[in-house]
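Trainee: So that we are looking at the same thing, I have put the structure below in structure tokens.
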Amino acid sequence: DQPTLSVCLITYNHKEFIRKAIEGVLMQQATFTWNLIIADDFSTDGTRDILMEYRGKYPDKIQLILQEKNVGAAQNWIDLIKTPCSKYIAYFEGDDYWTDPYKLQKQVDFLEANPEYSMTFHKVKIYNEIEHKFEEDVINDLTKEDTNLHDLLKGNYIRTVSAVIRNTSQLASLIDKIKTATPGDWLLFIIIASTGKTKYMNQEMAVYRISYSGVWSTIDNKQRKYHKELLNGYEFLFKYLKKDDYAIVYHSHMHY
């Protein structure tokens, strides 16, 4: 008895934010079944205590993946994304949160009514952790209501906190191959976009935090590792995409 949708929440040392992330999921009003799967990469700041507290309150809704040691963000993400057997997946990180109680209902309703679409996403509000203020997100200022694989190959315009995707049969088999590739979210969305169209909803239904402490916010002393993983990402695309599709990536990202 799999739920219609699984919410996949990844976390590591998010004690300050994780309650808001979970509460944004629990407030969802939906006519379909859903569950919340949380993968914690051996947090040491008290995040895990909060997760255990919520699982105790909602044992039928919340499933935990508790790593026994720090396995790294990439492996924790893979363990999380490969777990659901649901028809749809919503994925986000433990420092972001949802603000609209009908977010999932709106997105699933659209996907149910439009089988030619493989993903929906929406506008978000930015919270600047450095300056402690909300900002408008300009990433979708020019985004069309309907987008496709070729649009996404030119660059990522989807915030993870906003996306709901179809859990395609090929997803699990491909997910391991982008473990050491950057940016992983963009590659995930490309895999999904290759199976159908994408719908953009011009409604703010979530908050995306920006902080210099994020994994890819700064690359200074990690620069060599970053570029290696970036090249791994392009190598993955070269093998996965058709020749003409990869040409779009190449010509759009020659500055790398």
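Trainee: Scan region 33-64 residue by residue and report those that are closer than 19 Å to Thr83 by Cβ and open to solvent by 30 Å² or more (accessible area, probe 1.4 Å).
Mentor: Once the filter is applied, which keeps residues that are closer than 19 Å to Thr83 by Cβ and open to solvent by 30 Å² or more (accessible area, probe 1.4 Å), region 33-64 yields Thr33, Phe42, Arg48, Met52, Arg55, Tyr58, Pro59, Asp60, Lys61, Gln63.
Trainee: So which residues in region 99-136 are open to solvent by 10 Å² or more (accessible area, probe 1.4 Å) and closer than 23 Å to Ala73 by Cβ? I'd like the intermediate steps shown before the answer.
Mentor: Just the residues of region 99-136 that are open to solvent by 10 Å² or more (accessible area, probe 1.4 Å), to begin with: 99-102, 105-106, 109-110, 112-117, 123, 125, 127-136.
Selection gives Tyr127, Asn128, Glu129, Ile130.
Trainee: Can you tell which of Leu80, Leu111, Leu104, Leu64 is within 21 Å of Gln28 (Cα to Cα), outside any helix (DSSP H, G or I) and of a type in the set (A, V, I, L, M, F, W, C)? Before you say what the answer is, go through the steps one by one.
Mentor: Values: Leu80 fails: outside any helix (DSSP H, G or I); Leu111 fails: outside any helix (DSSP H, G or I); Leu104 fails: outside any helix (DSSP H, G or I).
Every option except Leu64 fails the conditions.
Trainee: Could you look through region 119-132, keep only residues that are at pLDDT 95 or above, not aliphatic (A, V, I, L, M) and not in a loop (DSSP other than H, G, I, E, B), and pick out the one that is nearest to His14 (Cα to Cα)? First the steps, then the outcome.
Mentor: So the first thing to find is which residues in region 119-132 are at pLDDT 95 or above, and the list is 119-127.
Narrowing further to those that are not aliphatic (A, V, I, L, M): 120-123, 125, 127.
Cutting the leftovers down to not in a loop (DSSP other than H, G, I, E, B) gives us 120-122, 125, 127.
Working: Thr120: 26, Phe121: 24, His122: 24, Lys125: 19, Tyr127: 16 Å.
Restricting to residues being at pLDDT 95 or above, not aliphatic (A, V, I, L, M) and not in a loop (DSSP other than H, G, I, E, B), the top hit is Tyr127.
Trainee: Further question on the same structure: Name the one entry in Glu68, Glu23 that is of a type outside the set (Gly, Ala, Ser) and more than 22 Å from Val108 (Cβ to Cβ).
Mentor: Working: Glu23 fails: more than 22 Å from Val108 (Cβ to Cβ).
Only one candidate qualifies: Glu68.
Trainee: Moving on. Of all the residues that make up region 38-56, how many are free of Cβ contacts under 8 Å to residues at least 24 places away in the same chain and aliphatic (A, V, I, L, M)?
Mentor: First pass over region 38-56, keeping only residues free of Cβ contacts under 8 Å to residues at least 24 places away in the same chain: 48-49, 52-53, 55-56.
With the extra rule that they be aliphatic (A, V, I, L, M), the set shrinks to 52.
Residues that pass the stated criteria total 1.
Trainee: Scanning region 191-200 for residues that are at pLDDT 85 or above and assigned to a helix (DSSP H, G or I), which turns out farthest from Tyr88 (Cα to Cα)?
Mentor: Here the residue is Ala193.
Trainee: So the check is Cβ under 6 Å with 6+ separation or different chains; which pairs have a first residue in region 114-137 that's within 17 Å of Leu149 (Cα to Cα) and a second one that's open to solvent by 50 Å² or more (accessible area, probe 1.4 Å) and of a type in the set (D, E, K, R)?
Mentor: As it stands, the answer is Glu116/Lys197; Tyr117/Lys197, since those pairs meet every condition given.
Trainee: Within region 137-152, track down each residue that is in a loop (DSSP other than H, G, I, E, B), of a type outside the set (S, T, N, Q) and open to solvent by less than 70 Å² (accessible area, probe 1.4 Å).
Mentor: Pass one, region 137-152, residues in a loop (DSSP other than H, G, I, E, B): 137-145, 148.
Narrowing the set further to residues that are of a type outside the set (S, T, N, Q) leaves 137-139, 141-142, 144-145.
Within region 137-152, Asp137, Ile139 qualify.
Trainee: Starting from region 74-91, take each residue that is over 9 Å from Cys8 (Cβ atoms) and list its partners that are open to solvent by 50 Å² or more (accessible area, probe 1.4 Å) and at pLDDT 95 or above, counting only C-beta distances under 8 angstrom and pairs at least six apart or across chains.
Mentor: Asn76/Tyr12
The values are calculated or read from the model by the stated rules, or taken from the named source; none is laboratory data. Since the structure is predicted, the reported quantities are computational estimates derived from the model, not experimental observations. Heads up, the Cβs are rebuilt from the backbone with ideal geometry, glycines too, and the neighbour counts pull from every protein chain shown. These accessible areas exclude ligands, DNA and RNA; they are computed on the full protein's heavy atoms, side chains included. Shrake-Rupley method; radii C 1.70, N 1.55, O 1.52, S 1.80 Å.
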